[in-house]
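Student: One structure coming up, written as structure tokens, with questions to follow.
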Amino acid sequence: ARHTLTLTMAEVGLAAYTDRLSGRPGDTIRFHVSSSNSDDDNVSAKLSRCICADPNPQGPGRLEKDASEWFQPRQFPGRRQPIRIGSYAKTRDAVSVPHTTHWASVEIWMLPTYVVPEGEGRGDDIATINTPVQCVWSWGELGLYLRNNGILAVQKGDNCIGSIERHPPMLPNKWYHVTVVVRNKNRADNEDNNGDNGDHNKNCYWELTITIMQQDKLSKEPIHLMSVDGCITDSCYGIGSMIPKDAHLKLATGGTFNGKLENPKILIRNEITKFVANQLLVSWDTSRNMTDWSIPSDDDLSIQKGNPLILHNHPTRAMRGRLWDGTEFNWKHRPTHYGGIHFNDDDVYNFGWDCDMEWIIPRDIPSGIYIMRLVNNQCDEEALPLFICPPLAPLNREDKGGGKKKICILISTFTYDMYGNHARADFQASWLDRRKDWNAYPHNPCQYPNYGRSTYNFHNDESGICFASHLRPLFNLRPNYLTFGDSPCSGLRHFPADTHLIAWMHHHGIDCDIVTDHELHKDGVAAIAGYQTLMTGTHPEYHTIETLNALQEFRDGYGGNLIYLGGNGFYWRVAAKDEDASMLEIRRAEDGVRTWASEPGEYYHMLDGGNYGGLWRRNDRPPQQLVGIGFAAQGNFVGMPYKRVCFSPEMEWVFKGIQNEAFLGDFGFSGNGAAGFELDRTDRRLDGGEHVVFILAQSFDEGNKFMLVPEEVLTTYSNVSGCSSDQARRSDMVYFRTESGAQIFSVGSITFCGSLPWNNFDNNISTLLQNVIHRFSCG
């Protein structure tokens, strides 16, 4: 999961994002733009309609049509907007101490996840813009820091005022309880003195106590490791000078800490005497309010009340805390076991840039994919895809076709988000040559780590990234972006690959609308109920319960036809907190093809209130129940042809115009074949057995280039299918009808659409899909 190039923290000349990926007429889209070269700059904006986003000169090429009819070109001032990376927490209000305070302590549980041994630095293969010293917390001028060698230090501002050099270095992934005590020096350093000079800004003692939590599954009690006391005598470091009245408590200050923090609290004492009890100034139970980014203060026994701890840049919650012992795996049932908040120095989801331009989607604009092209004075370019959906039509369950529109294409914007800024481990500098030769999109996420990674990457501490958002520039969500720079074909995935289908529809004059995952999540089945047929793109992998339910209701409640033109679809369950689904969450539980695995006990989502994550198959919603096939095998970005296996007269319409051809799709701009990369097949034990499924054509892995997905493997010699591994590694093209009258056609391959434009759209895969659409449109 690590790339091999030496990384810099450079910024691209022009970067932008929109507050929403899709919208309907009347909606407003806001554009957030940063031009890094100059603050005295102008940015020009122009709209075009996207037909094809494949820069391959051997294929359709980049096809766009001017759309100035719906957006008059304009200019606006350019300026650089900052990139703030790294998650942290900060109290909403200041945490001030009473003026009589002589003694204060900050306590916290911490589990560092990235500790660099002494003399070592971060390798070139790990992206970071932060210093090696990690700030655990800060309160005014006072702060607790974790050094590279695993040593804790207390600082006042930039000056170290004490450290524990003799304790064993902190180890990663172990819980420690750390207390920092500061107290004013009074008279002869006599703690038994009951007097009070009234000056709490004189020299103070500092005390740092480290308590390690051993891996004791039973007691979970802290075991004392070491304490160090010291006195500051060279400066007047009183509590008042360290902690002014406007001081906020911050955790993971500056976004520099990697690890979990839990249950911070602050105690104070008003007199320097051992006979006066400590008072709780303020504390937070980090297992409370789990589905939010705000943690209320514990007000029952504290002096300061109503001061929540606000989480910034979205650290991960619903994570195992110091009390987790494996007796409960769902945080909803025992939240106190899940108080650990996981901070990372590369967390970034919503850039929070100011808005530079707004566009109200016109009432008469045709549904389709549009590109907002931006250019600054230095000729830096940016291109933002906009997915324009039609007006929402009223629901009519009784209409089985006569009053419905023909076709809509479901654009997989959830999948686009989840792969957003995927830094591939196989990226090579040689890929950049093709970008220049083809005039492809110039930037790659591997070169610009400070724009954030995808849920297919690791954080710097090697924990998996489980949040995704489009509220930041996403380099691979751009027209003409090359995923595979050394492929013998176009090397496209996701949005650019899906435009092969868009270009095919335009070439054949087939009218269609588009609807996105985001609109489907928000509006439910109402977003698609007005169509006879819904088609997918190449990779509809990620779905919320809302989108999956809408598709099932469309098929079974409205008799809507489904044409599934991808592979590895309807695979992972994701969660969204709000209707706009601007942030998505993934927990990669149990099995499945995954670049990282969730830790035991961390399988339940935070954003949706604690529903089980992982595969839809493990949630008893396998894709076979919806479209007849499901993910079976994965290979490299290679494709193979299908062979026809169904010769029933009942299915002859599928192959009309295809005369005795030995292979179907032994060509294509994706993997050089119609059946490739990720393959789906039938499984009667998973599809419910309710329908007669016709297997029309198949493609087997005869070259041994694919492997079964993990959920299909039982042992080294057996698998779930019950057949041989050679038989199980295949793609099935299928057709069936449901009791509602819906027709389902599925191809079981990610690379299928890449064959459609071949030979100027004149080929047997193109003919076959025309037959299917004609049949579905005619009933």
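Student: What is the sum of charges, Lys and Arg at +1 and Asp and Glu at -1, for the other residues whose Cβ falls under 14 Å from the Cβ of residue 452?
Tutor: On the way: positive: 84, 453, 472; negative: 11, 345, 346, 347, 417.
After counting each charged neighbour, the total is -2.
Student: What Rg and what Dmax come out for the chain when only alpha-carbon atoms are used, in angstroms?
Tutor: Cα-based Rg and Dmax for the chain come out at 29.4, 104 Å.
Student: Report, in whole Å, the centroid distance computed from the Cα atoms of segment 35-94 and segment 338-413.
Tutor: 13
Student: Leaving out ligands, DNA and RNA, what percent of the accessible area of the chain is carbon and sulfur, probe 1.4 Å? Show your work: numbers first, answer last.
Tutor: On the way: 13490 of 28780 Å².
C and S fraction of accessible area: 47 percent.
Student: With a 10 Å radius around each residue's Cβ, average the other Cβ atoms per peptide and rank 282-290, 67-75, highest first.
Tutor: Values: 282-290: 20.6, 67-75: 13.4.
Descending packing order for the listed peptides: 282-290, 67-75.
Student: At what distance in nm do the modelled label points of residue 508 and residue 10 sit from each other, each positioned 7 Å from its Cα along Cα→Cβ?
Tutor: Output for this residue pair reads 4.4 nm.
Student: I've got another one for you. For segment 324-406, what does the relative contact order come out to in percent, with C-alpha contacts under 8 Å and a separation of six or more? List each step's numbers first, then the result.
Tutor: Details: 40 pairs, mean separation 14.1, N = 83.
That works out to 17 percent.
Student: Evaluate the relative contact order of the chain (contact order divided by residue number), counting alpha-carbon pairs under 8 angstrom at least 6 apart; express in whole percent. Mind showing how you got there, number by number?
Tutor: Values: 2076 pairs, mean separation 108.1, N = 779.
With pairs under 8 Å counted, the relative contact order is 14 percent.
Student: Can you tell me the FRET efficiency between residue 727 and residue 760 if r is taken as the Cβ-Cβ distance and R0 is 45 Å, rounded to the nearest 0.05? Don't skip to the answer; put the middle values down first.
Tutor: Values: r = 36 Å, r/R0 = 0.81.
That pair, residue 727 with residue 760, gives E of 0.80.
Student: What length, rounded to one decimal in nm, is gained on full extension from residue 718 through to residue 430, with 0.36 nm per residue of separation minus their alpha-carbon distance?
Tutor: Numbers: separation 288, 0.36 × 288 = 103.68 nm, distance 4.05 nm.
Taking residue 718 through residue 430 to full extension adds about 99.6 nm, to one decimal.
Student: Extension gain residue 279-residue 663, at 0.36 nm per residue separation less the Cα-Cα distance, in nm? Mind dumping the intermediate values first?
Tutor: Details: separation 384, 0.36 × 384 = 138.24 nm, distance 7.98 nm.
That pair, residue 279 and residue 663, stretches by 130.3 nm at full extension.
Student: Using the Cβ atoms and a cut-off under 13 Å, what net charge is assigned to the surroundings of residue 667, where Lys and Arg are +1 and Asp and Glu are -1? Spell out each step's value before the answer.
Tutor: Numbers: positive: none; negative: 661, 666, 762.
Summing Lys/Arg as +1 and Asp/Glu as -1 gives -3.
Student: Now for a separate question. If you count, for each residue, the other Cβ atoms within 10 Å and average over each peptide, how do 532-539, 717-724 line up from highest to lowest? Can you show the working numbers first?
Tutor: Values: 532-539: 25.6, 717-724: 13.5.
Per-residue mean Cβ counts within 10 Å order the peptides as 532-539, 717-724.
Student: Averaged per residue, what accessible area in Å² does the chain show with a 1.4 Å probe, protein chains only? Don't skip to the end; give the middle numbers.
Tutor: Working: 28780 Å² over 779 residues.
I get 37 Å² per residue for the chain.
Student: Test of the criteria: in segment 474-571, which trypsin sites (Lys or Arg not before Pro) are in a DSSP loop and have at most 15 other Cβ atoms within 10 angstrom of their Cβ?
Tutor: Numbers: sites: 493, 522, 555; in loops: 493.
Here no trypsin sites (Lys or Arg not before Pro) fit, given the DSSP loop and packing criteria.
Student: If you stretched the chain out fully between residue 325 and residue 737, how much longer would it get, using 0.36 nm times the residue separation minus the C-alpha to C-alpha distance? Before the final figure, lay out the partial values.
Tutor: Working: separation 412, 0.36 × 412 = 148.32 nm, distance 4.89 nm.
Full extension of this stretch gives 143.4 nm more.
Student: If you project the alpha carbons of segment 652-710 onto the principal axes, what extent comes out on each, in Å, largest first?
Tutor: 33, 33, 18
Student: Using the structure shown, list the pairs from 90/156; 404/577; 174/305; 643/705; 156/260; 265/305 with a Cα-Cα distance above 21 Å, or answer none. Each step should come with its number before you reach the end.
Tutor: Working: 90/156 18 Å; 404/577 32 Å; 174/305 31 Å; 643/705 18 Å; 156/260 23 Å; 265/305 13 Å.
Distance filter (> 21 Å) returns 404/577; 174/305; 156/260.
Student: Now for a different question. Which FRET efficiency value, to the nearest 0.05, is calculated for residue 27 and residue 94 with the Förster distance at 30 angstrom and r the Cβ-Cβ distance?
Tutor: Details: r = 40 Å, r/R0 = 1.33.
The value I calculate is 0.15.
Student: Also: Where does each of 700-707, 756-763 land if you order them by average Cβ count within 10 Å, highest first? Before the final figure, lay out the partial values.
Tutor: Values: 700-707: 16.0, 756-763: 18.4.
Descending packing order for the listed peptides: 756-763, 700-707.
The values are calculated or read from the model by the stated rules, or taken from the named source; none is laboratory data. The model shown is predicted, which means the values in this text are computed figures rather than measured ones. Methodologically, a virtual Cβ is constructed for each residue, glycine included, from the backbone with ideal geometry; neighbour enumeration extends over all protein chains shown. Just so you know, the surface numbers come from the protein's heavy atoms only, side chains and all, with ligands and any DNA or RNA stripped out. Shrake-Rupley method; radii C 1.70, N 1.55, O 1.52, S 1.80 Å.
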